[in-house]
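What follows is a single structure, written as structure tokens, with notes after it.
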Amino acid sequence: MGASKLLIVNPSCPGWPEWPVGMAYVLACLEQRGIPFDLIDLARVENWEKSLAAALDSDRYLAVASGGLIGDYRFFRRLRELAGKKSPDTPFVLGGNITKDGNDRLLFDIIGVDYAILGEAETSLPAFVEGLRAGREDFHGYDGVIFREKATGQVVRNKFKRLDLKRHKVRPAWHHFDCDYFITMSSFPFMGGGLRSMPVLSGRGCVGKCGFCSPSIGGFRKREIADLIDEIRFLIREYDFDKLCFLNEMFYPTAREVREFCAAYAALETRKPWFVQVRIDAGLDAETLVMMKEAGCIAVSAGIESGSDDVLAAMNKKTTAEQIRTFFRNCKAAGMPSNGTFIIGYDGETAEDLRKTIDLLIEEDISSGDALLVAYQGTKVYRKALGAGLIEDEDKHLDDFCCDIFAPDAYSRFCNMTAMSTDEFFDLAPKEVRRYNTYVFDKYKVRDLSLTIDGNWRWTSVLLEGKCRECGAPVRERFLAYGAEFLGLLGIGMSRNTFCGHCFKPLAFDIFEAGEMPEGRAHVREVSKALARYRRILVCAPTNDVNFLLRINFLSLDYELIHGIYLYRDEPVGRYLKYPVLKEGEIVGSGADCLLCFDVDAGASVRRLYARLGRECPPVVHAHPEAFRRSVAAKVPHAYRINQVFKRLFGVSVRTVLDRARALVGR
Ligand code: SF4
């Protein structure tokens, strides 16, 4: 008898898991149709490759199936490769957004799928599985199935049908997942972690057609409110969580529908606080936002994208800068915490457009994350960039996209569609984003900050405690850093995912204001003064600290004076923004007239490089006060110190030696 069971693989990221909502619905559909399956959830297995091999060794499967976003394509390629090696006759099936957005080459040649499912798998997977069981290879006429015709090699994409949400009343099959783990570990942009939330959908798809986006399944279809409330009641009864999060792309298209939901939810006997992503063109007035608040909504997020009407129109965003201002003012009037996101580098963006965006954010005091435009396959900007010859190599573009302007080599990875040259853009955009970040950093500094640093044999543990600047709630943040490389983590935390769990305003941890560094403020002033005397500053700092320095101007630095960057180890990075990253051998001849050092050993390792060549070392300016450096130096982990000694003696790190030894043994 042939195999009838599916092996489903959830491509979650351990330690940073995202709720697999789509997959939970698909599993519910399989259960309902009596289609057996096994599940490997990457969030909960130690070694997924071993788990996959063990599953394929112990059972015969009708197909191996997975699904997700285009950004996961490397994982799908690896999954397909491993599954193919273990079980060459078992077809590999892919679903999720990637099948809609990815072109035929990505799906069939790069990843190597045998079949792909378009749209909501509930409408097509059961019939497709029946076809597979019957030994079918030709899927002409099967809704939503993509396959390659045997005879011609042509890829056929059958149109997909949308799910009728009025008739389809299935609950996501959460019982197949370790929900306690997801509840504890999941975190959300602009909300932070520790929310202990559970997801729910008010509908599927989105009414928008933004040029940079490709909504999951097309236009918005809402669920019947009674059905949604019923599911919420079920979740509250069955699972131990604190908040509900609406994880669909948009909540409701109009304020009237939002009010209908609020009225129904407020009538529930047991409720949980909730948060949600809304569209600004839904026209949520202060009255509606108050109603949401009274119904338990604790925060709303919205896509701002730009402060320029021209760019908003080019994006097809269906909002104006004035509507954005009105929305955030309404939130303030209603006492509703709010936040958003904006894009830099959009198609046709001018210097003036970019400044307007940052002005709007600062003038309205909006909490927002920034993203560098990425032309993803499946979007209007991708098609335009491809047509204009801006994407010469589609595979390289796919491998190399970068949505953080401060990331290594963002300059060469950015597909520039703006009205500025790449040089002009990289002159202006970091300056403007930094203007906003520095505004947030200065405004939302945690009060009464205390900093506790401890080292074990390998890691430095950093504990920050204080009070939220906005609401005074106690805040606490703990993380592990390698050696003494922790300053930058604070900056990344500030701008990425550290928010007050009470008012959801950003938390800026300025360690120079911590009680443990009484001389911190005066030291920063001294550093600023000292740096103003030089013209070619070489920044010597680990990656995280570089990122922090480029993002936030906490030293009142003139960034035009940065001559280059040295990362304390040779990394495969060409530049940060427009600044060259120098290798160890390039520092001495670089012509730098000052070294700005972020290390704990008083720039000793850099001085030694000059001494080795008998050259005079330029003046060293230390980012941290001496007493603080000494106290950190006494606590840095043994492994970090051993590594430093090793580097001094042999010129390479312990890890490099181990890697080389491993390579030799493996040869
Ligand atoms: S960006 Fe948001 S509003 Fe625009 S199409 Fe995508 S999901 Fe919809």
Study note, to complete from the structure: Counting only DSSP loop positions in region 456-557, the chymotrypsin sites (Phe, Trp or Tyr not before Pro) whose Cβ has at most 12 other Cβ atoms within 10 Å are TRP457
Review point. Counting only the backbone N, which residues of region 284-315 are under 15 Å from the spot 7 Å out from the Cα of ALA333 toward its beta-carbon?
Key: 284-292
Practice item. Keeping the other protein chains in place, figure out the carbon and sulfur percent of the accessible area of the chain, with a 1.4 Å probe. Key: 51 percent
Exercise for review: Quick one: accessible surface of HIS175, probe radius 1.4 Å, all protein chains present, in square angstrom to the nearest 10.
Suggested key: 120 Å²
Check your understanding: Near the amide H of SER12, under 5 Å away, which other amide H atoms are found, from residues 5 or more places off or on another chain, if H is placed in the peptide plane?
Key -> LEU42, ALA43
Point to revise | 20 Å cut-off, amide nitrogen to a point 7 angstrom out along LEU649 Cα→Cβ, residues in region 593-628 | key: 601, 604-606, 608-609, 612
Practice item. Give the ranking of TRP274, TRP48 by solvent-accessible surface, highest area first, calculated with a 1.4 Å probe. Key: TRP48, TRP274
**Study point:** Selected from LEU538, HIS563, ALA627, residue furthest toward positive end of dipole (region 529-650; charges at beta carbon)
**Key:** ALA627
Review point. Using modelled backbone amide H atoms (1.01 Å from N, in-plane), which distant-in-sequence or interchain residues come within less than 5 Å of THR350's amide H?
Key: ALA419
Exercise for review: In whole angstrom, note down how far apart the Cα centers of region 277-295 and region 35-100 are.
Suggested key: 41 Å
Review point. Let a ≥ b ≥ c be the square roots of the eigenvalues of the Cα gyration tensor of region 1-149; is it rounded (a/c under 1.5), or, if not, prolate (a/b larger than b/c) or oblate?
Key: rounded
Exercise for review: Using Cα pairs closer than 8 Å and at least 6 residues apart in sequence, work out the relative contact order for region 6-157, in percent.
Suggested key: 19 percent
Study note, to complete from the structure: In region 49-204, lysine pairs 8 or more places apart or on different chains with C-alpha atoms under 26 Å apart total 13
Point to revise | q = 0.18, 0.21 Å⁻¹, region 529-650: log10 I(q)/I(0) [Debye, one scatterer per Cα] | key: -1.01, -1.39
Review point. At a Förster distance of 56 Å, what's the computed FRET efficiency of GLU46 paired with ARG167, Cβ-Cβ distance as r, to 0.05?
Key: 0.85
Point to revise | For region 531-544, 3J(HN,Hα) per residue [Karplus equation, 6.51 cos²θ - 1.76 cosθ + 1.60, θ = phi - 60°, Hz, x = Gly/Pro] | key: 5, 5, 7, 10, 10, 9, 8, 9, 7, 10, 7, x, 3, 4
**Study point:** Distance in nm between pseudo-label sites at PHE479 and TYR610 (7 Å out along the Cβ direction from Cα)
**Key:** 3.2 nm
**Study point:** Sparsely packed trypsin sites (Lys or Arg not before Pro) within region 390-465, loop by DSSP, other Cβ within 10 Å at most 14
**Key:** ARG458
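The values are calculated or read from the model by the stated rules, or taken from the named source; none is laboratory data. These numbers come from a predicted model, not from an experiment. Cβ atoms come from the backbone with ideal geometry, glycine included; neighbour counts cover every protein chain shown. Ligands, DNA and RNA are excluded from the accessible area calculation, which covers all protein heavy atoms including side chains. Shrake-Rupley method; radii C 1.70, N 1.55, O 1.52, S 1.80 Å.
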